[in-house]
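K.L.:
The following block contains the structure, expressed as structure tokens.
The values are calculated or read from the model by the stated rules, or taken from the named source; none is laboratory data. Since the structure is predicted, the reported quantities are computational estimates derived from the model, not experimental observations.
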């Protein structure tokens, strides 16, 4: 399986085989939409897909992000800022997990904070809508969509 280092991150196909040329074409936003795994050694790793919108902008769909190391505070934010800087496009988060899967509640709040801070552009998360609404005091918006009833949420203080 081909593996390349591009922009200080190790990239490889998430499924199947890809050549170095195919990986670079996808990472530059000119190939077909493919899912790739990435790791910045000692910092973070995850999985995303990249495509080119009809308008010609890059669209990143992030499926997972994990910060590596014992001191994780603030590094997830740094990882997203780094990904945004190298792709210079729209970042969608699709049912993404962040860090330790035992901390599901923290993961949700992390992604909501990143949306409110503008580090991601949209969030499609599988959340328990009633529990989420009861725990938050906010207004409805169209940025966060829940797979549980397709209701929209945003403007939450985290």
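K.L.:
For segment 105-114, enumerate the residues that are at pLDDT 85 or above and more than 14 Å from residue 78 (Cα to Cα). Explain how you work it out, then say what you get.
P.N.:
Our first condition is that a residue be at pLDDT 85 or above; within segment 105-114, this holds for 110-114.
Correct list: 112 only.
K.L.:
Among the residues of segment 83-102, write down those that are part of a strand (DSSP E or B) and at pLDDT below 90.
P.N.:
Keep residues of segment 83-102 that are part of a strand (DSSP E or B), which gives 90-98.
If the condition is that a residue be part of a strand (DSSP E or B) and at pLDDT below 90, then 94, 95, 96, 97, 98 are the ones that fit.
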